[in-house]
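**Q** Just dropping this structure here.
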Amino acid sequence: VQLQASGGGLVQAGGSLRLSCAASGGTFSGYAMGWFRQAPGAVREFVATIGWSDGRATYYADSVKGRFTISRDNTKNTVYLQMNSLKPEDTAVYYCAARPRLTSRIALEYEYWGQGTLVTVSS
């Protein structure tokens, strides 16, 4: 499975961005998808995950709950991360990842990773 993340950029605090992650090379609906982020000098951290197939199962890091929304469109083989009310501390490289079926908050449990897209939130 190949993953291509896009949609990052520079935004002011309080603004919004939508990240996309397009998948190819596998049966997209069979994979749980996750978003992680890594700020400079920090470890990669969990942001959100969505379950396989209909994507009814979604889970979020406490730091983004209520501001970010993960969704998937299996007809487009794409997972999205809608980010609202952005804060400077959301600045990071955002990565999408895939693993078979079950969701996970643990980066090591994901088999496939995209290249990352940079989100910069100015104060």
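The values are calculated or read from the model by the stated rules, or taken from the named source; none is laboratory data. Please read these numbers as outputs of a predicted model, since none were measured by experiment. Every residue, glycine as well, gets a Cβ built from its backbone with ideal geometry; the counts of neighbours run over all protein chains shown. Accessible surface areas use protein heavy atoms only, side chains included; no ligands, DNA or RNA. Shrake-Rupley method; radii C 1.70, N 1.55, O 1.52, S 1.80 Å.
**Q** Would it be correct to say that TYR94 is of a type outside the set (D, E, K, R) and in contact with a Phe, Trp or Tyr (Cβ under 8 Å, 6 or more places away or on another chain)?
**A** Numbers: of a type outside the set (D, E, K, R): yes; in contact with a Phe, Trp or Tyr (Cβ under 8 Å, 6 or more places away or on another chain): yes.
For TYR94, the condition - of a type outside the set (D, E, K, R) and in contact with a Phe, Trp or Tyr (Cβ under 8 Å, 6 or more places away or on another chain) - is met.
**Q** I want to confirm something. Restricting to region 18-40 and keeping residues that are in contact with a Gly (Cβ under 6 Å, 6 or more places away or on another chain) and open to solvent by less than 50 Å² (accessible area, probe 1.4 Å), which single residue is nearest to SER123 (Cα to Cα)? Walk me through how you get there before you give the answer.
**A** Taking region 18-40 first, the residues in contact with a Gly (Cβ under 6 Å, 6 or more places away or on another chain) are 18-21, 32.
Retained after the next criterion (residues that are open to solvent by less than 50 Å² (accessible area, probe 1.4 Å)): 19-21, 32.
Details: LEU19: 20, SER20: 24, CYS21: 27, ALA32: 34 Å.
Residue satisfying both the conditions and the ranking: LEU19.
**Q** Could you list, in sequence order, the residues of region 79-103 that are of a type in the set (D, E, K, R) and in contact with a helix residue (DSSP H, G or I) (Cβ under 7 Å, 6 or more places away or on another chain)? Explain how you work it out, then say what you get.
**A** Kept after step one, since they are of a type in the set (D, E, K, R), are these residues of region 79-103: 87, 89-90, 99, 101.
The answer is ARG99, ARG101.
**Q** Of all the residues that make up region 95-105, how many are within 13 Å of the chain's Cα centre (by Cα) and open to solvent by 60 Å² or more (accessible area, probe 1.4 Å)?
**A** Number satisfying all stated conditions: 1.
**Q** Provide a single number: the residues in region 41-94 that are crowded, with 17+ Cβ neighbours inside 10 Å, closer than 15 Å to GLY8 by Cα and either of a type outside the set (A, V, I, L, M, F, W, C) or touching a His at 6+ places or on another chain (Cβ under 8 Å) (or both).
**A** Qualifying residue count for the region: 4.
**Q** Let me ask something additional. Please go through region 61-105 and give me each residue that is among the polar types (S, T, N, Q) and assigned to a strand (DSSP E or B), ordered by number.
**A** THR69, SER71, THR78, GLN82
**Q** So, one more: Which count do you get for residues in region 106-120 that are in a strand (DSSP E or B) and at positive phi?
**A** So the count comes out to 0.
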